[in-house]
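Undergrad: After the structure tokens below, expect a handful of questions from me.
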Amino acid sequence: MTYNRQEKSKPKSYLPERPIVNYMNEKLRFERSESRIDLRGEALQKNRTYSNLKKRKVEVLDRIFISMANLTFFVECIAEEEELRRDFEDDFKDLLGLRRSDPANQLYGFVFYHLITGILRAGKETRTVRGQAIVVDFSLIQNHQLQQIVRDKTKMALPRDLKSGGTLNAISNNFEMVLGWTGLLANRIDRENEKPDRTIDFRTTKLLPVDSMKSLIILRGPAGSGKTTICDVMVEVLGAYHSNVLDLDITGSQEYKFKRNLTNCLSSEYVIGMMFYGNSHTTEPSKWMERFREKGYKILSVILYASKETCFNRCREDNNTGRHPVNKEKDRIYKYYDEFYARENSSPFADAAGIVGIKINTENRTPDEIAKEILEKYNEIFHR
């Protein structure tokens, strides 16, 4: 007698990428080898195994950092957008190890537990202070941050009956007591003052609703207000493939260049315009803006505000070779500043163009923060 027995399908499994596993194994073997003990300075630099591992380290870290950027972006998206949260609910549980084939015999949420525990265990380094080696546990700072998150999450999750009377106060007092201790330990950690060998920048990308809405965001302001810098960040955030830049200060005898660029921009989903004042493009906006309206673009004018002194300092410290030295002079920058606001105050561009206009303060803020606020304001205005 023959039995047709269906094998139970195995759960899909994921392992770390082989190049990372191989590298970490080889690196560990080298660091533990007897030959490594005697290698110092120039001898270490000339060692073939050490040199090979050093070169491969860049590739390994790129893989890890890209994974971290992808994970952070994915989690932030489903945390902020209800539609995405519903659609990825089961996948998110799988990602954190909350849905297992045999949860009774395995640690519930093991991925999250291992990740956080590993981060806190790895957060130690040895520093030399006054000739002595001191072990510094900088993860105590993350430990305090996690404790703050746990406090806030617990307060939000408390049922109504526990929020009445003195229960909530008692819970809050207990958390604040713990935070006092974790904060004390965190504040004892000396922040690193040394300049890093390289800069790693994990940027936050803001989602724009995908509903075929075309966008024209016009960045305005005097020299030094940050138009070029913010424009570059926004193009990176929105995606260079979907974006285009329109220089609205190209006028007069160069108008043909502007028209050619305008035609190219009309095929892009997102257009970032830059304009100090734009002369005819400001006084007669309908002549060029009507092209965008015909294509269904939603248009927003954004004045990037900064003090006169800040604008001058930015121009003076600008390393862009395209900025003529004369445009770094204090008197000229101040003249541009006064001219921009004199014209804007007498005849606001947004009013004349019949579009929405906002002002964004750029003082003491990073380009990423400013770009994020602009996109959030855009969404608030056009996606209510």
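The values are calculated or read from the model by the stated rules, or taken from the named source; none is laboratory data. Please read all numbers here as calculations on a predicted model, not as lab measurements. Counting neighbours? That spans all protein chains shown, and the Cβs are built from the backbone with ideal geometry, glycine included.
Undergrad: Output yes when any residue across region 371-378 is surrounded by fewer than 13 Cβ atoms within 10 Å (Cβ to Cβ), at pLDDT 90 or above, in the same structural domain as residue 247 (by TED's automatic domain parsing) and under 18 Å from residue 227 (Cα atoms), and no when none is. Working first, answer last.
TA: Filtering region 371-378 down to residues surrounded by fewer than 13 Cβ atoms within 10 Å (Cβ to Cβ) leaves 376.
Imposing the further condition that a residue be at pLDDT 90 or above reduces the set to none.
No; the residues of region 371-378 include none that is surrounded by fewer than 13 Cβ atoms within 10 Å (Cβ to Cβ), at pLDDT 90 or above, in the same structural domain as residue 247 (by TED's automatic domain parsing) and under 18 Å from residue 227 (Cα atoms).
Undergrad: Give me a count of the residues in region 298-314 that are part of a helix (DSSP H, G or I), of a type outside the set (S, T, N, Q) and surrounded by fewer than 21 Cβ atoms within 10 Å (Cβ to Cβ).
TA: Filtering region 298-314 down to residues part of a helix (DSSP H, G or I) leaves 308-314.
Then keep just the ones that are of a type outside the set (S, T, N, Q); that gives 308-309, 311-312, 314.
This time we only want the ones that are surrounded by fewer than 21 Cβ atoms within 10 Å (Cβ to Cβ), so: 308-309, 314.
Result for region 298-314: 3.
Undergrad: Collect the residues in region 217-258 that are without any contact (Cβ under 8 Å) to a residue 12 or more places away in the chain and among the basic types (Lys, Arg), keeping them in residue-number order.
TA: If the condition is that a residue be without any contact (Cβ under 8 Å) to a residue 12 or more places away in the chain and among the basic types (Lys, Arg), then 257 is the only one that fits.
Undergrad: Take region 349-384 and flag every residue that is assigned to a helix (DSSP H, G or I) and of a type in the set (D, E, K, R).
TA: Hits for region 349-384 are 351, 368, 369, 372, 373, 376, 377, 380.
Undergrad: Kindly provide the set of residues from region 153-174 that are among the hydrophobic types (A, V, I, L, M, F, W, C) and within 28 Å of residue 79 (Cβ to Cβ), ordered by number.
TA: Passing the criteria: 156, 157, 158, 162, 168, 171.
Undergrad: Name, by its number, the condition in (1) closer than 30 Å to residue 188 by Cβ; (2) modelled with pLDDT of 85 or more; (3) surrounded by fewer than 11 Cβ atoms within 10 Å (Cβ to Cβ) that does not hold for residue 58.
TA: (1)
Undergrad: What's the total number of residues in region 198-232 that are modelled with pLDDT under 90, aliphatic (A, V, I, L, M) and within 17 Å of residue 370 (Cβ to Cβ)?
TA: 1
Undergrad: Restrict the check to region 271-287 and report whether at least one residue is buried (at least 21 other Cβ atoms within 10 Å of the Cβ) and among the aromatic types (Phe, Trp, Tyr).
TA: No, region 271-287 contains no residue that is buried (at least 21 other Cβ atoms within 10 Å of the Cβ) and among the aromatic types (Phe, Trp, Tyr).
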